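Please treat every number below as a calculation from the coordinates, not as lab data. This is a predicted model, so every value here is computed, not measured. So basically every Cβ, Gly included, is an ideal-geometry build from the backbone, and we count neighbours across all protein chains shown.
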Amino acid sequence: MKTLAIKSRTLHKWLMRFIGIQMLIWAVTGLYMVSLDIHFIHGETLSDEKHTAFPLNDATYPIASLLERYPTATDIVLYKRLNTLAYRFKLANSKQWTVIEATKGGVLGLLTQSEAAEIALHAATTSGTIASTKLIDLPQATPAELSPRWLPVWQIKFDDLAGTTFYIQQATGQIVTRRHTYWRAFDWMWRLHIMDYDDGENVASPLLTLLTILATLAIISGIILLISRLIPARKIAVNKGGVHD
Amino acid sequence: MINRVVLSGWHKWLSLFVGIQLLIWVGTGIYFNQMDAQAASGNMYRKTVSHRGNTPTSDFMPLEKLALNEPVVSAALIWVSGTPLYLVKTENPLHNYSAQQHTLFHAVSGLPWYIQPDDVQRIAQRSYTGPGQASEAVLTLPPFDFDGRQENLLWKVSFDDEVHTDVYLHAETGAVIAHSNDDSRLKHLMLTLHFMDYANTGGFNHALIVIFAIATLTLAGSGVLLAYRRNPNRAVRRKRETDVRVIHTGGCETLSLPANQPLLFALTQAGLSVSTECGGGGTCGQCVVQTDNTVAVSDVDRYHLTEDELQQGKRLSCQHVSSEFTSVTLK
Ligand code: FES
């Protein structure tokens, strides 16, 4: 028991001197991630879209006519884009949405800067005002916090403390992504947690393998040490006394 | 400076509290690091199903004619096994797993439409490429083993293959929500353990894990403080060995001991017995030796030993390096 305590302490100490900082990082990032509500992190509280409801009988342009005009249309959805009732759909061989208005069938163009800003202000729950609006239409210009599959989008930044940013799809007018500082911090916490420092998509890195194996040994040695500290060694001490006699 | 003994005490009791969970976290971490993501998805036998039928689109009833008076947020044209339908939503929750509010109408007749268990079974079969036979479709209440967040009723169709595939389908539309099999169930178990999600909330925002995370952070913080604290009594580098006269039960001998090593470790390595519970942590106070020469009293000595004992030359052997001693007497 005695030498086991010394051996496990030595192993525990030296392993932890190598990986202790990462253990601390796992603890800090883990605490951040579990203690902030994931729905809040995803920006679900940043916008609400209750003003988008409409009565069905406003849709006077029939879907049958739409399909006659665009026979390859799929994913047809009737919805409200800003103040206009509209159909959005995809055409064969195109990744982009086509949008037409749902009363007369006229084609709706891409959102202008001021329309995008209006959508953002309608939906935003923040009291901040808009700090900047920018069109993002090239994959290489896409910020890391946005998936390129949504392009082209308007990026609307608010000047509030949380750094609220909306990404609004230019064709459909839908808010596809909401970001704020807490999400950006969460993203970094995740990268540090899984030890993938470039894009946070790879949990299978060899570095993580190495660290988790060392951590297992360090924790097991710690548990052995703990057990030997909890089970008193007095019996052994008494035996030694016997030898003394 | 925080007392080392106090810090070490915190470290010990916190590790008693979170030790096993730490092992679970790192063990499941190794699983996620090593797992075959393709297999763990549960989609071994899954393929996409095409539902598009050939009903003439000119027969579709205009949406404005549907018998629905409340305001809606969207209306979509969807196909279910060749049948054209209007899917009308009166609420738009941000997640598909949240409780849904929507109604289906037949796109030609405009009448409300309900899926039949046979249709569901057929869709499940069409989404499945494996060798198993399909069970009947059963409408099942949450919670589900593939995702604790799912709040909606789902159809379940089970296949009797070697990985026990279950196919879950949307209660109203029959859309395939997930394939679940032994591999994905294992992953789900690992997630449950990693997130301490024993109530199957499907997430990690709950009080139990927050409490454990705070305890773990304190444990790791105290550990880092302990691990990187240097022994202040280190001898100069070039002196590698030091001679110490050791008086013990078996007699008296002069040993050449590593100068910078704590005396406890040096003596133990030399085959001499010094009692210890904590293995050199400065917390048990058992590794007492007596010395004739002057050895500076450390905080830890003072914590465990009385003024009299210190006067007599008693010191904790784990708290001083060998080079501080010229002569020691063991208990
Ligand atoms: S105090 Fe426990 S070994 Fe020194």
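Assorted remarks:
- Fluctuation leader among B:109, B:184, B:127 - chain B, Gaussian network, Cα springs under 10 angstrom: B:109
- Summarising the label geometry, the points placed 7 Å from Cα in the beta-carbon direction at residue B:311 and residue A:122 lie 8.8 nm from one another.
- Two-site label geometry, residue B:297 and residue B:161: point separation in nm, points 7 Å out along Cα→Cβ: 7.6 nm
- Stokes-Einstein diffusion for segment A:44-179, with the hydrodynamic radius set to the Kirkwood value over Cα pairs and evaluated at 25 °C in a medium of 0.890 mPa s, equals 156 µm²/s.
- Tail fraction, Cα-Cα pairs, segment B:1-144, threshold 26 Å, whole percent: 55 percent
- Model label zone, residue A:49; criterion: amide N under 16 Å from point 7 Å along Cα-to-beta-carbon; scope segment A:164-196: A:166-179
- Per-residue average of Cβ from other chains inside 10 Å of A:12-23: 4
- Spacing of the modelled spin labels on residue B:99 and residue A:68, each 7 Å from Cα toward Cβ, amounts to 4.3 nm.
- Aspartates and glutamates whose Cα lies under 18 Å from that of residue A:95, excluding same-chain neighbours fewer than 8 positions away: A:75, A:137
- Value of Rg to Rh for chain B (Rh from inverse mean 1/r over Cα pairs, i.e. Kirkwood): 1.33
- Charge dipole of segment B:47-180 (Cα centre as origin; +1 on each Lys and Arg Cβ, -1 on each Asp and Glu Cβ, all else neutral): 400 debye, rounded to the nearest 20.
- The residue among A:217, A:57, A:138 whose Cα reaches farthest toward the positive pole of the charge dipole of chain A, with charges on the beta-carbon of Lys, Arg, Asp and Glu, is A:217.
- Working note: Cα gyration tensor of segment B:241-330, eigenvalues times five, square-rooted, sorted largest first, giving semi-axes of 19, 14, 12 Å.
- Once divided by 2.2 N^0.38 Å, the Cα radius of gyration of the protein assembly as shown becomes 1.38.
- Between 0 and 90°, nearest 10: helix B:207-227 axis offset from chain B longest Cα axis: 30 degrees
- For chain A, relative contact order (Cα pairs under 8 Å, six or more residues apart, normalised by length) works out to 23 percent.
- Largest mean-square fluctuation among A:64, A:185, A:124, in a Gaussian network model of chain A whose springs join Cα atoms under 10 Å apart, belongs to A:64.
- Size of charge dipole - the protein assembly as shown - debye, nearest 20, with Cβ of Lys, Arg +1 and Asp, Glu -1, no other charges: 2220 debye
- Euclidean distance of C-alpha centroids, segment B:129-152 and segment B:262-327, integer Å: 65 Å
- Once C-alpha pairs closer than 8 Å and six or more residues apart are averaged by separation and normalised to the residue number of segment B:181-282, the relative contact order reads 12 percent.
- Virtual paramagnetic centre 7 Å along Cα→Cβ of residue A:101, amide N under 14 Å, in segment A:53-68: A:59-61
- Total charge dipole magnitude, chain B, about the Cα centre, Cβ charges on Lys, Arg, Asp, Glu only, Debye to nearest 20: 1400 debye
- Cα centroids of segment A:169-205 and segment B:14-29: 27 Å apart.
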